[in-house]
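Take a look at the structure set out below.
Each reported figure results from applying straightforward, stated rules to the coordinates on display, with no laboratory input. Source: prediction; values computed, not measured. We place every Cβ from the backbone using ideal geometry, glycine too, and count neighbours over all the protein chains shown.
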Amino acid sequence: MIAQIRAELLKVRSTRTTLGLVLGMIALILLFTLLTGLLSKITALSDVENQRDLLSLGSLAGIFSALAGALLVTSEFRFGTIRPTFLFTPRRSRVLAAKLVAGLLAGLAFGVIGEGIGFAIDYAILASRGISLVLSGGEVALLVGGTLAATALWAGIGVGFGAIVRNQVGAVIGLLAWGFIVDNLLFGLVPSVGRFTPTHAQDALIGLKSDHLLPPAAGGLVLVAWVVALAVIGLPLLARRDVN
Amino acid sequence: MSAVVRAESLSKRFGKLTAVDDLSFDLEAGTITGFLGPNGAGKTTTLRMLLGLAAPTSGRALVFERPYAQLERPALRVGAVLEATDFHPGRSGRDHLRTLSRAAELPDARADEVLRLVELHDAGGRRVKGYSLGMRQRLGLAAALLGDPELLILDEPANGLDPEGVRWLRDFLRAFAAQGRTVLVSSHVLAEVAQTVDQVLIVNRGRLVVESSLAQLTARVGGSVRVRTPDGARLREALEHAGLETSDGDEHVLLVHGATSERVGEIAFAAGVPVHELVTEGSSLEQIFLELTAGAASPGAQPPAGAQPPPEAQQ
């Protein structure tokens with residue numbers, strides 16, 4: 001199992017795809033933090049919830065982490081490397097488990113980079129504009145720790161989703177539509193259901209205070225449940241389907 | 001001796017289509033077997049079942065007396081190449097091999113060893129997208145050799161290789177089998193493997209049509225002899241009198257079937273007919289292969305006579 005995880009981690013590192021996702025993530029986080037941090041009024045940024053929103057922009061890393069996780073599965077089907085992968089490790093459950101672990105580790109790295117850059121810039125902007133941090137130490141810790149955990153778990157969601165969909169374009173479009181459209185629509189229309197979506201479980205986990213969100217710990221558990229549920233659905237599909 | 005590869009009443013159906021139909025065979029250690037048949041005959045599907053990538057509808061596919069998926073560290077016993085294109089184009093050849101060697105718990109240095117073995121060492125650091133088809137074929141073979149396996153299974157390995165590459169592969173497989181290891185190599189062109197293999201399995205429409213040694217198959221073809229003479233009519237009479245079948249080239253050239261050149265020469269001598277040329281025609285193995293597999297699996301898949309069939313279009 002360690003062997004398979006090492007193999008999967010090398011797959012993540014040995015193409016430029018991951019680097020592209022990291023650069024895309026950095027660009028998006030920079031764009032949002034700079035726009036929000038520089039264009040908002042000082043009075044607005046002195047408000048505790050607005051500060052929390054600004055400092056939570058590093059959580060945009062989640063969707064990139066999910067894409068990296070999905071590509072860990074779908075690129076194998078796209079390029080046919082799934083054949084040698086299964087020839088070398090015919091126990092497909094072991095392959096999926098290794099991809100999950102490698103994905104979670106890669107996702108954690110996405111979180112460290114994304115949240116690190118986002119938080120550092122936000123903090124610098126607040127300091128340079130003479131705005132004092134009104135969030136408590138515990139709130140900041142929840143924001144940072146929650147973002148790291150959520151970003152890692154998003155990669156797990158991506159791996160499971162990729163195992164179910166297998167088609168690369170389908171998985172990428174599906175994840176983007178899910179993360180950016182479906183979750184928000186559902187939360188807007190039926191918040192009692194929508195708060196269980198990964199996007200809003202993440203918001204809960206990092207301590208955002210919107211109405212209807214779950215408590216932080218429950219948000220974290222819901223994200224874990226999504227990872228487990230998708231893996232449980234994806235595993236028999238991966239194990240039973242013939243590889244052409 | 002136990003079979004290295006065994007198919008037991010192996011069948012695979014896709015809906016109404018029967019791709020592999022009650023196929024049974026055994027392969028012994030140290031042999032090179034050609035797995036032959038037209039495109040769509042069920043070769044690739046059979047290999048996928050032997051390698052645990054596809055599940056049989058019925059019957060069993062065994063390597064070293066077990067289903068592939070039950071082998072401990074299978075890469076150390078079986079090496080396989082199914083497609084020449086199974087690489088991420090953006091990954092270097094060396095990294096491709098390392099992802100696999102790590103999964104097989106082999107040291108990274110093994111990747112460099114097999115790169116040297118297939119003469120790709122200089123290209124190992126380059127992205128696969130810059131590789132020629134021949135280089136990709138060799139990289140696939142390198143991956144199959146990572147675990148120093150006892151059995152090699154190759155699907156259409158000669159596709160896309162230039163004549164030099166085909167010769168290299170032939171020598172390589174010969175040396176591999178000489179060490180007591182086993183090779184199963186598929187092809188839709190008998191001539192491609194006729195100089196390499198010891199025995200052939202010929203399939204058509206998912207069924208086994210011939211299982212024989214190459215020597216037996218050649219004997220079954222029987223030679224044909226071309227003879228040039230100024231007196232065709234008299235020679236034909238003499239040959240037919242001796243019970244031999246002839247077909248004409250023109251009035252000076254006869255084609256004699258099922259006889260050796262010695263026999264034809266002796267008959268001509270006995271009949272007092274001068275002979276200007278006496279030639280044993282090159283093996284017509286390909287002809288018998290085409291006869292055995294006449295009526296290919298899918299309508300329209302039969303190549304026109306003499307034409308090179310298209311590469312396997314299966315996904």
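A simple spin-label model places pseudo-atoms 7 Å from Cα toward Cβ; at A:Val228 and B:Lys16 they are separated by 4.6 nm. The modelled label-to-label distance for the pair B:Val253/B:Leu133, using points 7 Å beyond Cα in the direction of Cβ, is 3.3 nm. Assuming R0 = 30 Å, what is the FRET efficiency of A:Val169 and A:Ala217, from their Cβ-Cβ distance, to the nearest 0.05? The value I calculate is 0.25. With the alpha-carbon atoms of the stretch A:1-80 aligned to their principal axes, the span from lowest to highest coordinate is 54, 23, 16 Å, starting with the largest. For the listed peptides A:124-133, A:64-73, a ranking on the average number of other beta carbons within 10 Å per residue, highest first, reads A:64-73, A:124-133. Look at the Cα gyration tensor of the stretch A:180-230: its axes a ≥ b ≥ c give a/c of at least 1.5 with a/b at or below b/c, and that counts as oblate. For chain B, modelled as a GNM whose springs connect Cα atoms under 10 angstrom apart, the maximal fluctuation among B:Ser24, B:Ser213, B:Ser247 occurs at B:Ser247. For the cross-link pairs A:Lys99/B:Lys12; A:Lys11/B:Lys129; A:Lys11/B:Lys12, the ones whose C-alpha atoms lie over 26 Å apart are A:Lys99/B:Lys12; A:Lys11/B:Lys12. Over the protein assembly as shown, dividing the summed -39,500 (n - 2.57) contributions of all DSSP H runs of at least 4 residues by the number of residues returns a 222 nm mean residue ellipticity of -16500 deg cm²/dmol. The overall shape of the stretch B:88-178, judged from the alpha-carbon gyration tensor, is oblate: a/c is not under 1.5, and a/b is no greater than b/c. For B:Ser213 and A:Ile181, a Förster radius of 51 Å and the Cβ-Cβ distance give a FRET efficiency of 0.20, rounded to the nearest 0.05. Gyration tensor analysis over the Cα atoms of chain B returns equivalent ellipsoid semi-axes of 44, 22, 18 Å (largest first, whole Å). Percent antiparallel among DSSP beta bridges with both residues in the protein assembly as shown, to the nearest 5? DSSP beta bridges in the protein assembly as shown are roughly 65 percent antiparallel. Each 10 Å bin, from zero up to the one with the longest distance, holds this percent of the alpha carbon pairs of the protein assembly as shown: 3, 15, 20, 18, 14, 11, 8, 5, 3, 2, 1, 0, 0. Mean separation of Cα pairs under 8 Å and 6 or more residues apart, divided by the residue count, gives chain B a relative contact order of 21 percent. A simple rule links phi to the HN-Hα coupling: the Karplus curve 6.51 cos²θ - 1.76 cosθ + 1.60 with θ = phi - 60°, which for the stretch B:151-166 gives 9, 10, 10, 10, 9, 6, x, 7, 4, x, 8, 7, x, 5, x, 4 Hz, with x for Gly and Pro. For a label point 7 Å from the Cα of A:Leu23 along Cα→C-beta, name the residues of the stretch B:92-134 whose backbone N is under 11 Å from it. Within reach of a label on A:Leu23: no residues. Can you classify chain A as rounded, prolate or oblate using the Cα gyration tensor, where a ≥ b ≥ c are the square roots of its eigenvalues, rounded means a/c under 1.5, and otherwise it's prolate if a/b beats b/c and oblate if not? Prolate, because a/c is 1.5 or more and a/b exceeds b/c. All alpha carbon pair distances within the stretch A:28-123 were sorted into 10 Å bins beginning at 0; the resulting P(r) in whole percents reads 15, 34, 22, 16, 10, 3, 0.
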